[in-house]
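Participant: Shown below is the structure under consideration.
Computed from the coordinates by the stated procedures, all read-outs in this text should not be read as laboratory data. What you see is a predicted model; the values in this text were computed from it and never measured. Backbone-built Cβ (ideal geometry, glycine too); neighbour counts: all protein chains shown.
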Amino acid sequence: MSSNNNILVKLNNAGYQHNNKWLVKGVSLSVEKGKIVTLIGPNGSGKSTTAKIALGIYKKIDGEVEKYTNKVGYVPQKISIDWTLPLRVHDFMLLTENLDDEAINKALSLTGVIHLKDKNLGNLSGGEFQRVLLARAISKKPELLVLDEPVQGVDFTGEIALYELIKKISDELNCGILLISHDLHTVMSATDHVVCLNGHVCCSGSPIDVARNNEYKALFGEQASQILTRYEHKHDHEHSNDGSIKKN
Amino acid sequence: MFDDFFIRALVAGLGVAFVTGPLGCFVIWRRLSYFGDTLAHSALLGVTLAYSFEINIAFSVFIISSLIALILIQLQKRTNLPGDALLGLLAHSSLAVGLVVIGFLTFIRFDIMGLLFGDILAVTVDDLLIIWIGGALILLVLKLIWKPLFASTVNYELAEAEGLNPDRAKAIFTILMAGIIAISIKMVGLLLITGMLIIPAAMARNISDSPQKMVVYSIIGGLLSVIIGLFSSLEFNTSSGPSIIAAALFLFILSLLNIKQSIKLKN
């Protein structure tokens with residue numbers, strides 16, 4: 001792969017072990033400006049671990065990480081806020097960056113939680129909190145966004161809207177996104193590059209390449225493969241009831 | 001109207017309260033009460049060394065407390081013992097070693113009660129300088145590391161991922177803890193320093209809905225505790241430390257009324 005200055009973060013054969021057990025091994029991938037890279041894989045396949053390697057949270061790693069930006073927004077998979085901290089949504093938005101009120105309001109409006117601005121973080125529902133987490137990550141206008149299951153617990157319509165928002169943000173800010181998701185349907189339509197993990201990179205490429213890959217099929221089953229390929233099928237036409245192409 | 005020693009004690013106590021206010025909030029948020037206790041217990045060793053080598057008490061307490069903090073971090077890395085066991089081990093052994101050393105120093109008369117519970121009569125003009133200059137320094141550094149320290153208190157991985165270097169902030173905070181113990185040991189006494197850190201902050205938690213408010217209320221609570229405590233200490237001829245802490249407890253109990261009200265409002 002030729003080096004170019006669009007690369008935000010690059011993993012070279014990276015791995016991480018904990019208590020003498022490899023959580024993930026031999027991962028190579030890179031996230032570029034304006035591109036969405038999605039990590040998929042079963043539970044325990046090392047998706048979050050890979051994200052944490054890319055973010056520099058895990059330091060004693062195998063292989064190498066090259067990070068070319070410090071403007072990072074992160075939505076972790078799990079986060080527990082302690083009740084000993086009196087923390088409103090507004091305070092949380094300012095956690096790692098000094099933002100003006102306008103930027104805070106804009107981000108909270110985008111994810112649809114502006115009405116919660118003065119609420120205590122501990123009183124939010126799971127879905128509401130997830131929207132706040134996403135708002136916080138995008139509010140600082142990051143160059144690299146790492147989203148670890150960003151829509152978990154969000155209602156169905158909200159989920160679609162948030163994925164659209166993520167796609168929009170990637171275009172508007174021209175930021176690179178490393179996305180982890182279980183939802184093959186909604187994610188695949190926007191993804192540029194898919195990395196399928198199962199303790200190692202089992203396959204990677206464009207969604208259609210991955211969907212056709214036999215290892216992917218073995219891991220997720222035939223049905224999941226169909227989901228992926230469906231999105232490669234671009235509808236520039238309509239079907240009649242019998243399946244033939246409608247003539248306009 | 002008041003004797004000089006009382007004015008000195010008041011100025012010293014108010015200086016301490018300004019610093020324990022914000023530090024105490026972090027002690028509560030980061031669950032460091034027992035860590036504070038351990039550092040404070042080790043202060044006795046610092047005091048005895050100060051007497052043995054005729055060096056400044058605050059300085060020697062600061063060095064010993066920092067050293068104990070370092071040892072704790074190493075023990076946490078190298079043993080499989082749980083954190084609270086290590087804290088207990090260090091707290092009691094450093095207190096014991098301190099008392100044993102005192103036993104050897106027969107040529108010096110120690111006011112043990114003063115060391116343990118504070119002695120306002122002992123506050124000198126030099127102490128005032130140490131408290132106010134040292135305290136100002138601690139607050140300045142705390143302001144500088146506020147963002148990474150607070151962010152990593154909320155969530156370590158977020159702070160680390162977004163480039164705030166939480167480990168450095170944590171290390172600096174540990175040094176600040178050793179610093180506050182060093183400057184407040186004469187006022188409050190080593191057994192009660194943690195009380196001065198956490199009780200006003202706990203009171204503040206009950207009446208605040210944002211971190212900034214909690215810090216401000218914690219400082220105000222500390223200042224009031226010092227004023228009420230020292231005046232009653234003068235009035236009833238009690239030790240300064242326990243009087244200040246008792247006053248802080250009184251304020252904490254008052255703040256509980258606020259919780260009851262806000263719970264009612266919610267329902």
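Participant: Please report the relative contact order for the stretch B:77-229, taking Cα pairs under 8 Å with a sequence separation of at least 6, and give it as a percent rounded to a whole number.
Facilitator: Relative contact order of the stretch B:77-229: 23 percent.
Participant: Which whole-number percent gives the relative contact order of chain A, counting Cα pairs below 8 Å spaced six or more residues apart? Each step should come with its number before you reach the end.
Facilitator: Working: 454 pairs, mean separation 60.0, N = 248.
Answer for chain A is 24 percent.
Participant: Also, I was wondering about something else. I want to verify a result. In a Gaussian network model of chain A, Cα cutoff 10 Å, which of these has the top mean-square fluctuation: A:Asp82, A:Asp209, A:Asp155?
Facilitator: Sorting by GNM fluctuation, first place goes to A:Asp82.
Participant: Sorting B:Leu95, A:Leu11, B:Leu249 on the 10 Å Cβ count, fewest up front, what's the list?
Facilitator: So the ranking, lowest neighbour count to highest, is B:Leu249, B:Leu95, A:Leu11.
Participant: A further question on this structure: Please report, to one decimal in angstroms, the Kirkwood hydrodynamic radius of the protein assembly as shown built from all distinct Cα-Cα pairs.
Facilitator: Roughly 26.1 Å, rounded to one decimal.
Participant: Once you wrap a convex hull around the alpha carbon atoms of the stretch B:4-191, what is its projected area averaged over all directions, in nm²?
Facilitator: Dividing the Cα hull surface by four gives the mean projection, 10.9 nm².
Participant: Contact order normalised by length for chain B, with contacts defined as Cα pairs under 8 Å and 6 or more residues apart; what percent is it?
Facilitator: So the answer I get is 30 percent.
Participant: Give me B:Trp132, B:Trp29 ranked fewest to most by other Cβ atoms within 10 Å of their Cβ, as a rough exposure proxy.
Facilitator: Least crowded to most crowded, the residues run B:Trp132, B:Trp29.
Participant: Counting other beta carbons within 10 Å of each Cβ, put B:Thr20, A:Thr84, B:Thr174, A:Thr191 in order, fewest first.
Facilitator: Ordered by Cβ neighbours within 10 Å, fewest first: A:Thr84, B:Thr174, A:Thr191, B:Thr20.
Participant: Another one. At most 10 other Cβ atoms within 10 Å and a DSSP loop assignment: could you name the chymotrypsin sites (Phe, Trp or Tyr not before Pro) in the stretch B:83-131 that fit? Please report the intermediate quantities before stating the final value.
Facilitator: Values: sites: B:Phe104, B:Phe107, B:Phe110, B:Phe117; in loops: B:Phe107, B:Phe110.
Hits after loop and neighbour filter: B:Phe107.
Participant: Taking the Cα centre of the protein assembly as shown as origin, sum charge times position over the Cβ atoms of Lys and Arg (+1) and Asp and Glu (-1), and report the length of that vector in debye to the nearest 20.
Facilitator: Taking the Cα centre of the protein assembly as shown as origin, the dipole is about 420 debye.
Participant: Translational diffusion coefficient of the stretch B:1-99 at 37 °C, 0.692 mPa s, Stokes-Einstein with Kirkwood Rh over Cα pairs, in µm²/s as a whole number.
Facilitator: Translational D for this selection: 218 µm²/s.
Participant: Nearest-5 percent of antiparallel DSSP beta bridges in chain A? Numbers along the way, then the final one.
Facilitator: Working: 19 of 36 bridges.
Here the share of antiparallel DSSP bridges comes out near 55 percent.
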